[in-house]
Structures are given as C-alpha cells and as structure tokens.
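Structure, as structure tokens:
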Amino acid sequence: MDQEYDVIVLGTGLKECVISGLMSVSGKKVLHMDRNSYYGGESASITPLTDLFKHFKKDEKPPENFGPFRDWNVDLIPKFIMSTGQLSKLLIHTGVTRYLEFKQIEGSYVFKGKKVYKVPATETEALATSLMGIFEKRRFKKFLSFVASYKEDDPKTWDGSDLQKMTMQELFTKFGLDSNTADFTGHAMALHTDDNYLREPAIHTVKRVILYCESLAAFKKSPYLYPLYGLGELPQGFARLSAVYGGTYMLNKPCDEIVYDSEGKVCGVRSGDDIAKCKKVVCDPSYVPDKVQKAGRVARIICIMNHTIPNTNNSTSCQLILPQNQLNRKHDIYVCMVSSVHNVAPKDYYVAMVSSMVETNDPECELKPGLDLLGPILRKFVSISDVYEPKDAGEENGLVISKSYDATTHFETACQDILSMYKRITEKEFDFSQIKDNIHTEE
Amino acid sequence: MANRTASRPANGQNKICQFKLVLLGESAVGKSSLVLRFVKGQFHEFQESTIGAAFLTQTVCLDDTTVKFEIWDTAGQERYHSLAPMYYRGAQAAIVVYDITNQDTFSRAKTWVKELQRQASPNIVIALAGNKCDLSNKRMVECEEAQAYAEENSLLFMETSAKTAMNVNDIFLAIAKKLPKNDGGSGGNGSSGVSLERTDPSSGGGCCK
C-alpha cells in the first residue's frame, strides 16, 4: 500500500463504495480499505444465520429448523430502493445493474386508527380505498391529479399556487384535505419522518409525492425494489465497479491513523508500518470518532417470522408505515419485510424490521406498536445505534465523512449525502450524464 | 445478468444457453490473458493488471446448442484477498488458474477450489488450468500432480498457454460440454428479476440506442 493515491476510502458501506466507484470511473487512483474481513460495514447483509446470532451476541445457536443457515442474508439496516429515485439512477448510469438482480416489493401499507391500509397512489386506488370517506376521496383524487400534472417549469400547471412560497399545510388546506389524509400523504407517500414539512414550501413534498407516484407507475405493485440476496449486494456492486476501473481493495486492513501535513490537510493513512499517501480521505463516522457528533439514535428490531404480516394481502414483501400522529410520537415507525422471494431467507421464513428514531429511554417499548402488527415472532434482534454526522464538511482539510444511515426506509437521504460528499471531494456537482461517458460499453 | 436462462428460438433448432463463468487464481497467473485469448484471440506479453471490463462474453457452439459465456474477471480484488462474495453468486462455471512455473500459485489454486466448494453453488463446474505451459523449461508444478488433484476433486484439468493459445478454446469447450443445458435450468435460482433500466427512458438501457 506504500503508494500515492488521489483518494483513500475507509469503510465499505454503501456510501463509501458508491464514492469509490465514482472516483475510479472518473480516473482517480483509489485505495479502498476496510478493517473488517467482509464488505458492507453497517450496510452488510449478514450470512450465514449463525453469524447473525453471533453479531447480536445471542447465547443460543440458531435452531436447526431455521436452516439452511446459508440461505439467510439479513440486512442490519432496512431500506428499499425507490424505483425511479436517485440510487436507481446511480445504479443505471454506472452499469452496476449488471451485477445485480432486483425484485419488486409487493405492497406499500399505512397504519391508521388501529388498522392497516394499502397506500392509495393512483386516482383509481384513491377512489377505491377505505382509508377515507367518500367526500374526502374526491378531494384526494383532485389533489393527486393536480400533482400528476404539476410541472415545476410550467406555471400553467400550477393552478394558481406558487409551491415555492406556499407551505404544504396551505396546499392541503387549499384542497380541503383533512389531517388524516395529510398524514398519510406526508408520511406514507412523501416519506417525511416528522411533521416539519407542513411548515416548509410545498414544492419539496409535492416533488416527493411525484417521485412516489412515478416509482409506483414503473412497477405497479409498489414503488420499491430490492436486490436479490440482500442490500449487502449494493456496496459489493459499487466496489466491483471501482475495482474494474482500477481501484485497489484491501479488506481486513485497519486504519491506525489519518496523517495530516503541516497545514492541517490530510496527506495519508497509516496502517501498521505502512503509510499510503493521498490528497483526500473519505470515511464513515466509525473511523473518526473525534470528528463527528451525535445527531440522534435509531432503534431497529430484526424479527424472524414464519408467516407474512397480517392484513397485507399475504404479500411476501412489503413496507408498512405508522405515521407519528397515529401514535402520538414525533417520528414515524417503519416496518419493512422481505423473504425467501428475495433470497434472504429459506423458504417459508420472513424477515421483518421495525425501526424508528429513538425518543425515550425505552426504545424497545417505543417500537411496540410496529411489533404488535407483525403477529407471532420467532426471534428478535434489537439494535440501538447512534446516528453521527461530521462536525466539518471537509472541504478545507480534505477529510470527507459520511453521515450514519438514518431511520428512513429508502435510499433518498443516503443518496443526498453521497452527492454532497461527491461535491465536497471534487468541488463539482455530480453530473449523471458525464459518468455515462466514462463507462466503457463492451460487447 | 438479467437473462441467464436458456431459450429456444421459435424457428431454429439451435438452443442458446447463457452461463456465468468466473476466473480465480493468484495475481499474475494469466487469468485475464486466458480470457483475452479466448474472447479476442489476442495476447499481450505485458498485460496490464485487469482494468476496465465488467465482464466479457463469448460463445461456444456445440452440436445443437450455443453456449454463451458471461466471463467475470476478478478486477484485481483477489490481490489482497478482498474478493466480494457477489463474485461467486450464481456462477455456474469457474476456471481456477495457476502458473506451472510457480508452486505457490498451485497451492493457492487449491485454496480457491475449497473456497468455491464452500461458497458457490453446489452444481458449479470447475476447471483447473495450469497456465504458462509454454514455459515448461521453468516448470515447478508437475502435470501429473495437478492431474491427480483434479481427479480427486472432480475438476476438469488442462495445461494451457494464453501465449500460444494451447488448450485455451479447448478448456472453455470442455466446460461448455459439461454444463447442464436443460431449458431454463441454467438460471441459478430460476427467479427472474425486474429490469431497473426501464425506469429510466434516458438511460438507453432498453433497446435501439
């Protein structure tokens, strides 16, 4: 490793691997290290099942009837890919899609009152749903058709509303939508984690509803896709991209020190007696505990089950959102479920993950409303993790740090962070069209 | 790797089967050179470390079947023992390469075979290639030794030379013959995923661009 690189990346989580891939493709010399012997860090999918039990320090070994253990690939952080979202664009434009196979998530559900409902997202579904009364349905249908025809650059589609100025609450009021409808539009479609969006310009939320509807239109059943064998395939795919374009990979390689020059800029990384020189260092928060600050905590409970989630039409995969207002919380609770259909569990087993931002001293109890919807659970694995963010953007000293993964169950915020990191490293906005020019097309 | 299933054209007799084939072996044993020889008929004395190709494809014609190989190279990730498990995923064939002038690479090849037996699909067809057999005056690994090892482990075995092209096509052909070619049976788990490309009309992922 005693060489000079443009960028040294520490940690092989999804964000780090995407950055590594983008840097290698654009001709930068990249060294990518991970202290672990496996790819993915926090974004790994744990396999075999015995390793999951070890990871959570369970005293027991997995029961034999949970086998074959190698058929399990359990994500530590649950997320789905919005089929027309940013990650999807990154996968397509870099050609990483060639290394992966995707399946759609079968359904998207929302919790209201004490019941589970399918999220209506087309005008037809809006008219058929039992989520709201007959008059509210008509108003919601009008709202959806406004959103469907809305174009940011064409004032004729604005229906007299300037969404840059108007708040989302004002837009809901304009369409006469009640707080229940607002709740599931804001949380189950626009996927906001709290209610701050109501006071922000409506444009942000409308764009997210458009993304939801477009993603849904692409695959019909739900707006979400999921890679076969688990999310851990994603960092591996981008790592392969980086390697194919010359990136050097070293697993099992601890980073003992980030080296700075006399002006306080990063100039290398030391591992044991080896020093690799570089201009920039990119890493996840775990490599630089003194350079990050805590921004909250996420609670996640992995549940192994032998049945689908009740009231979800026997979907072998789904997302279920419990909006905060329904629970008197400040943050939504998310439930994601995948199964053998995605090659993440043996036949007839299901993996559900319940997660939320932590608000009290008893996070496990906070997630109870989500757990209660799952039916009988065979095994639970609880993780409470701190969410860190960098204290410094790193534009001056050349140390660019990613944020921890938040509680959202899609990759949109992760991609925003990736694009922000890209800009902090290169001082340029990421250009989707340019990356395509750099990708060789063989065959 | 969207289509790994076998398909039979409606009018012709010739069946097309596509298989994922991975290369394994120490750095500098000639993995990329073997592929380059097989796919493009070329050889470069000073082949650079693998760069710039996600995978290459080449077809082999058998009597009534066309076998299309999707060949994955390690992209250098083997150098520091950092090959991602995704690499083995769904692979139906593997060529484990060593250099006949270097005993260490043969021991490493045995480790790779074990790794495949542990990680890859149980039905994977594995071939062992003793490469650089044009350098037989520097030979350190006896052909008989490798042959015996291959037989013990039910591997196909050939000594090859990417430089002279000796046995290069032959080893791929031997693999093609050994692969199961029943309809639709070659797609690993048989589950067909969705194509992400169709979500993005500008990507050119579909057709005619």
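Counting only protein chain heavy atoms and rolling a 1.4 Å probe, the accessible areas of A:210, B:100 rank, largest first, as A:210, B:100. For chain A, the solvent-accessible area works out to 40 Å² per residue, with a probe of 1.4 Å and every protein chain left in place. When the Cα convex hull of chain A is projected onto planes of every orientation, the mean area is 22.9 nm².
For a straight C-alpha distance cut-off of 24 angstrom, the lysines reachable from residue A:330 (same-chain residues fewer than eight places away being disregarded) are A:79, A:112, A:114, A:115, A:118, A:207, A:294, A:368, A:403. Of the residues A:164, A:130, A:190, the one whose Cα sits farthest towards the positive end of the charge dipole of the range A:118-219 is A:130 (charges of +1 on Lys and Arg Cβ, -1 on Asp and Glu Cβ, taken about the Cα centre). Per-residue mean of foreign Cβ neighbours for B:68-78 is 4 (Cβ atoms of other chains, 10 Å radius). Among the residues of A:342-349, the average count of other protein chain beta-carbon atoms within 10 Å of the residue beta-carbon is 1. Counting only protein chain heavy atoms and rolling a 1.4 Å probe, the accessible areas of A:305, A:132 rank, largest first, as A:132, A:305. Classification of the range A:1-113 by its C-alpha gyration tensor yields an oblate form. The axis ratio a/c (a ≥ b ≥ c) is 1.5 or more, and b/c is at least a/b. Ordering of A:133-145, A:335-347 by packing is A:335-347, A:133-145, highest average first (other Cβ atoms within 10 Å, averaged per residue). For q = 0.21 Å⁻¹, what log10 I(q)/I(0) does the range A:202-355 give under the Debye formula with an equal point scatterer on each alpha carbon and no solvent? Listed by q, the Debye log ratios stand at -1.35.
If I fit a long axis through the Cα atoms of helix A:202-219 and take the longest principal axis of the Cα atoms of chain A, what angle between them do I get, 0 to 90°, rounded to 10? Taking Cα atoms only, the helix is inclined about 90 degrees. Relative to the longest principal axis of chain A, what angle (0 to 90°, nearest 10) does the C-alpha long axis of helix A:233-244 take? Orientation of helix A:233-244: about 40 degrees from the principal axis.
Taking all protein chains together and rolling a 1.4 Å probe, residue A:118 ends up with roughly 80 Å² accessible. Within straight-line reach of residue B:15, meaning a Cα separation under 24 Å, sit the following lysines at least 8 residues removed in sequence or on another chain: B:40, B:68, B:177, B:178, B:181. The apolar share of the surface of the range A:118-219, taken as the fraction of accessible area on carbon and sulfur atoms (1.4 Å probe, ligands and nucleic acids excluded), comes to 54 percent. Extending 7 Å from the Cα toward the beta-carbon at both residue A:262 and residue A:380 defines two label points whose distance is 5.9 nm.
Tell me, what are the semi-axes, in whole angstrom and largest first, of the equivalent ellipsoid of the range B:15-177 as set by the roots of 5 times the Cα gyration tensor eigenvalues?
21, 18, 17
Once C-alpha pairs closer than 8 Å and six or more residues apart are averaged by separation and normalised to the residue number of the range B:15-177, the relative contact order reads 27 percent. For the chain pair B and A, the buried solvent-accessible surface (1.4 Å probe, both sides summed) amounts to about 3500 Å². What you get for the protein assembly as shown, charging only the Cβ of Lys and Arg (+1) and of Asp and Glu (-1), is a dipole of about 1520 debye around the Cα centre. Using a cut-off of 26 Å between Cα atoms, the listed pairs A:280/A:428; A:142/A:221; A:57/A:291 include A:57/A:291 as exceeding that distance. Phi angles of the range A:54-60 translate, via the Karplus equation with coefficients 6.51, -1.76, 1.60 and θ = phi - 60°, into HN-Hα couplings of 5, 4, 8, 6, 6, 6, 8 Hz per residue; Gly and Pro are given as x. Just from its helices, what would the mean residue ellipticity at 222 nm be for the protein assembly as shown, if runs of 4 or more DSSP H residues each count -39500 (n - 2.57) and the sum is divided by every residue, rounded to the nearest 500 deg cm²/dmol? Computed ellipticity for the protein assembly as shown at 222 nm equals -8000 deg cm²/dmol.
Quick one: grab the alpha carbon gyration tensor of the range A:118-219, order the square roots of its eigenvalues as a ≥ b ≥ c, and give me rounded if a/c is under 1.5, else prolate or oblate depending on whether a/b is larger than b/c. Because its axes are fairly even, with a/c under 1.5, the range A:118-219 counts as rounded. The mean number of partner chain beta-carbon atoms within 10 angstrom of a residue's beta-carbon across peptide A:95-105 is 5. Helix A:412-426 axis versus longest C-alpha principal axis of chain A: approximately 30°, rounded to the nearest ten.
The values are calculated or read from the model by the stated rules, or taken from the named source; none is laboratory data. Quick caveat: nothing in here was measured; it's all calculated off a predicted structure. Glycine gets a Cβ as well: all are built from the backbone with ideal geometry, and neighbour counts include every protein chain shown. For the accessible areas, the whole protein counts, side chains as well, though only heavy atoms, and no ligand, DNA or RNA atoms are used. Shrake-Rupley method; radii C 1.70, N 1.55, O 1.52, S 1.80 Å.
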